[in-house]
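Peer 1: My questions all concern the structure below.
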Amino acid sequence: LLVCTKLVEYRAQLDWFDKFGCGAVHYAKAHRHHEVTDFLEKAAERAGKFVPELGLRDNHDMDKEYLANASQNGCCGAVWRFLRKHGHDAKVEAVEVNRVISQPVGIHNY
């Protein structure tokens, strides 16, 4: 939390998103850093910045290919977002999610 406080104090961009549509708040949520999440959401609100709950990508773009790319790139925020969108069909989706993220990655194809 101290690092986030300093970054915001020095005008870090609270509304910056990576190629998967995730901002700092999505990574905080993915790692269950509730204090950081609350701080970032309040800081964004005070600064007049809009941070959508599920990031910048449209929901229709959050498919299994999105999940595979996010997993391969180590993007926990995107995996969290995918599960937030699809996690309500837990048993069916859990099997599919496990299948997708268990695929070999890059040079590690066996």
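The values are calculated or read from the model by the stated rules, or taken from the named source; none is laboratory data. In this text, all values refer to a predicted model and were calculated from it rather than measured experimentally. Cβ coordinates were reconstructed from backbone atoms using ideal geometry, including for glycine residues, and neighbour counts include every protein chain displayed. Quick note on the areas: whole protein, heavy atoms, side chains included, nothing else; ligands and nucleic acids left out. Shrake-Rupley method; radii C 1.70, N 1.55, O 1.52, S 1.80 Å.
Peer 1: Please enumerate the residues belonging to the range 74-84 that are outside any helix (DSSP H, G or I) and either open to solvent by less than 40 Å² (accessible area, probe 1.4 Å) or in contact with an Asp or Glu (Cβ under 9 Å, 6 or more places away or on another chain) (or both).
Peer 2: Within the range 74-84, CYS75 is the sole residue that qualifies.
Peer 1: Name the helices (runs of 4 or more DSSP H) wholly within the range 7-73 that hold at least 2 residues that are within 10 Å of the chain's Cα centre (by Cα) and modelled with pLDDT of 75 or more?
Peer 2: The helices (runs of 4 or more DSSP H) meeting that bar are 24-30.
Peer 1: Quick one: how many residues across the range 1-47 are of a type outside the set (Ser, Thr, Tyr) and open to solvent by 70 Å² or more (accessible area, probe 1.4 Å)?
Peer 2: The total comes to 20.
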